[in-house]
1. Given a 1.4 Å probe, how much area per residue of segment 40-83 is accessible, in Å²?
2. Would you mind listing how long the chain runs along its three principal axes, going by Cα atoms, in whole Å with the largest first?
3. Could you please state how large a percent of the accessible area of segment 1-77 is carbon and sulfur, counting protein chains only and using a 1.4 Å probe?
4. If you count only protein heavy atoms and use a 1.4 Å probe, how large is the accessible surface of MET1, to the nearest 10 Å²?
5. Run the count for segment 225-344, please: Lys pairs, Cα-Cα under 13 angstrom, 8 or more apart or on different chains.
6. So how far, in whole Å, is the C-alpha centre of segment 93-149 from the one of segment 418-493?
7. Determine, from the Cβ-Cβ distance of LYS268 and GLU13 and an R0 of 35 Å, the FRET efficiency 1/(1 + (r/R0)^6), rounded to the nearest 0.05.
8. For the chain, with the dipole built from +1 on Lys and Arg beta-carbon atoms and -1 on Asp and Glu ones, taken about the Cα centre, which of TYR168, ALA17, MET424 lies farthest toward the positive end?
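The values are calculated or read from the model by the stated rules, or taken from the named source; none is laboratory data. Note that the structure is a prediction, hence the values are computed from the model and not measured. Every residue, glycine as well, gets a Cβ built from its backbone with ideal geometry; the counts of neighbours run over all protein chains shown. To get the accessible areas, we keep the full protein, side chains included, count just its heavy atoms, and leave off ligands, DNA and RNA. Shrake-Rupley method; radii C 1.70, N 1.55, O 1.52, S 1.80 Å.
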Amino acid sequence: MNTEELIKQSAAEQRKALLNKEIKATEILDAVYKHIETENEIIGDFNSLTKELAYDTAKEVDKKIEKGEQIPKLAGIPLALKDNINLKGYKTTASSKILENFISPYDATVSNKLKDNLIPIVGKTNLDEFAMGSSNENSAFCKVKNPWDLKKVPGGSSGGSAAAVSAYHATLAIGSDTGGSIRLPASFCGIVGMKPTYGRVSRYGLIAFGSSLDQIGPFARTVEDCAMLAEVIAGYDEHDSTSLNIPEPNITSNLDKDIKGKKVGVIKELYETGLASDVKQAIENTIEAYKNLGAEIVMISLPLIKYSIGVYYIIATAEASSNLARFDGVKYGYRAENCKSLIEMYNKTRAEGFGEEVKRRIMLGTYALSSGYYDAYYKKAQQLRRLIKNDFDNAFKQADILICPTCPDTAFEIGSKSEDPLSMYLTDIATITANLAGIPAMSIPFCVDKSNMPIGIQLLAPILKEESMFNFAYKLEKAADFNNKYKNQFITK
Ligand code: GLN
C-alpha cells in the first residue's frame with residue numbers, strides 16, 4: 001500500500017491493517033506527516049504539529065500489538081485537535097494573537113481521553129479566533145482553504161479540523177461547536193461532524209466561548225469512525241459542573257438497525273424557502289432515500305427558527321464578553337509593552353491582542369448585558385431560547401429525527417462575506433438552534449453541487465439520543481455512497 005492509499009483509509013480500515021500487522025502505527029504517522037509537511041502551506045489547516053507526542057503514542061501502540069496485547073478501538077489512528085483545546089506542554093492559541101505563545105499547563109479532559117485511548121494527536125488545528133466565525137477567515141494566523149476548492153472557505157470555526165480530515169492529513173479530528181462550528185465545516189468539506197448533547201462531553205480545558213452552548217465533538221470521513229470517536233470522548237467529568245452524570249453512550253452497536261416505520265421530520269422552515277437549488281434537490285433526494293428505507297416522512301414546523309440567529313448572537317456574545325474578560329495581559333499570553341498604568345496595559349493588550357470579530361462580539365455582548373439593556377435583550381433572548389427548546393420538544397413528539405440541510409448553500413469564496421458580518425451570521429441559520437436547545441445534531445455528506453462542492457445534510461435528535469441519530473446517519477450514508485462517488489479536487493502529491 002502506498003502512503004496515499006494508506007491515509008485515505010477509514011479508521012476502521014486502518015485498525016484492521018494494524019491488527020493484521022500489515023502496517024505499523026508509526027508508518028501511518030510517517031505517511032500523514034509527509035503530506036502535512038508539503039500541504040499545510042497550501043491548506044493552512046494546522047497551527048502547530050505535535051510530533052513528539054504523536055510518535056510516542058504510536059510507538060506504544062506498535063509495542064502493544066507486537067506483544068499481542070489488547071488495544072483500545074481507535075489506538076494508533078491519527079487525529080487532529082482543534083487549537084482551542086488544551087494539550088499539556090504544547091501551544092494552545094485559539095488562533096489569537098493574545099495566546100500566540102501560550103503553552104498549556106494542563107490537559108483538557110478530552111485530550112486526556114485521547115491519550116488514554118492511545119490516539120496519536122498529530123497537531124493543533126487552525127480556527128476562527130476564539131471559535132468566532134463561520135469561514136475560518138478570522139484566524140489571526142492564516143485563512144484555511146477548502147480542500148475541494150482552494151478559492152473557497154472550509155467553513156468555521158473548526159475549519160482546520162475539517163480541512164485536515166478532508167485533505168487526509170488526519171483520519172479523525174476534534175472540534176468545538178457553539179453554533180455550528182463542527183457541522184458547518186463538516187458540510188463544506190464533505191465529511192461527517194457531530195455536536196453531542198450539551199453535557200455529554202466535558203468542556204474542561206476547552207477555551208470557553210459561550211459556555212451554555214459550547215460542546216466538543218468528533219469529525220471523521222465515515223459515520224462509523226465518527227461514532228467510535230464520539231464514544232471515546234463522551235462521559236461524566238467532575239471537573240465540568242455542566243457534565244451529565246449518566247452512563248456513557250453505546251453508539252456503535254446499533255448503527256445498522258432497521259429504521260422501517262420510524263418517522264423522519266423535515267423542518268419546514270429550512271425546506272420551503274431560502275435554499276440554493278442544488279441544496280433543495282439534495283434534501284428532496286434525502287427524503288426519497290429515507291422513504292426507500294421504509295421511514296415515514298412528516299413535515300414539521302419550527303416557527304421560532306426565524307428568531308434563532310438574533311437569540312444566538314445575543315446569548316453567545318454576552319457569554320463571550322464575560323469569558324474573554326480573563327485575557328487582560330496579567331495571567332495569560334500577550335501583554336502590551338510600554339504602558340504607564342495598569343488600566344492602560346489592560347486596554348492596549350486587548351486592543352492589540354484581539355482581532356476585529358472578537359472585539360465586535362465583546363462589544364455586542366457587553367451592551368446586551370449592561371443595565372438598562374439587559375431586560376430588553378439578554379432576558380428576552382433567554383425567554384425565546386426556552387420557547388425554541390419547547391418547539392423541539394413538541395417536534396420530537398411527532399418524529400424520531402429531524403432533517404434539514406446543514407447550510408442553505410455550499411462553501412463560498414474566500415473574502416466574499418468577510419465585509420458583511422450579517423450575511424456571514426446567516427450561514428448559521430440551520431445549525432444554531434441545536435445549541436440553543438442543547439440537543440445532539442450532526443452533518444453528513446450527501447452529494448455535491450454543480451461546482452463539485454459538497455452538500456451536507458443535518459440530522460437533529462432529542463436530548464441524549466445520539467445512538468438513534470447515528471443509526472439514521474449510517475443508513476443515509478449507505479444510500480448516498482458519498483465517499484465512493486465524489487472526490488475532492490485536492491490532489492495529494
Ligand atoms: N458561526 C457561529 C459563530 O460565529 C458559530 C461558531 C461556533 O460554533 N463556535 O458564533
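1. Working: 1950 Å² over 44 residues.
Using a 1.4 Å probe on heavy atoms only, each residue of segment 40-83 averages 44 Å².
2. The principal-axis extents, from largest down, are 65, 52, 45 Å.
3. Details: 1740 of 3890 Å².
Solvent-exposed carbon and sulfur of segment 1-77 make up 45 percent of the total.
4. Roll a 1.4 Å probe over it and MET1 shows about 120 Å².
5. Numbers: LYS260/LYS291; LYS262/LYS291; LYS263/LYS291; LYS268/LYS280; LYS268/LYS306.
Lysine pair count for segment 225-344: 5.
6. Each part's Cα centre sits 21 Å from the other's.
7. Values: r = 39 Å, r/R0 = 1.13.
Once the sixth-power term is evaluated, E becomes 0.35.
8. Towards the positive end, the residue furthest out is MET424.
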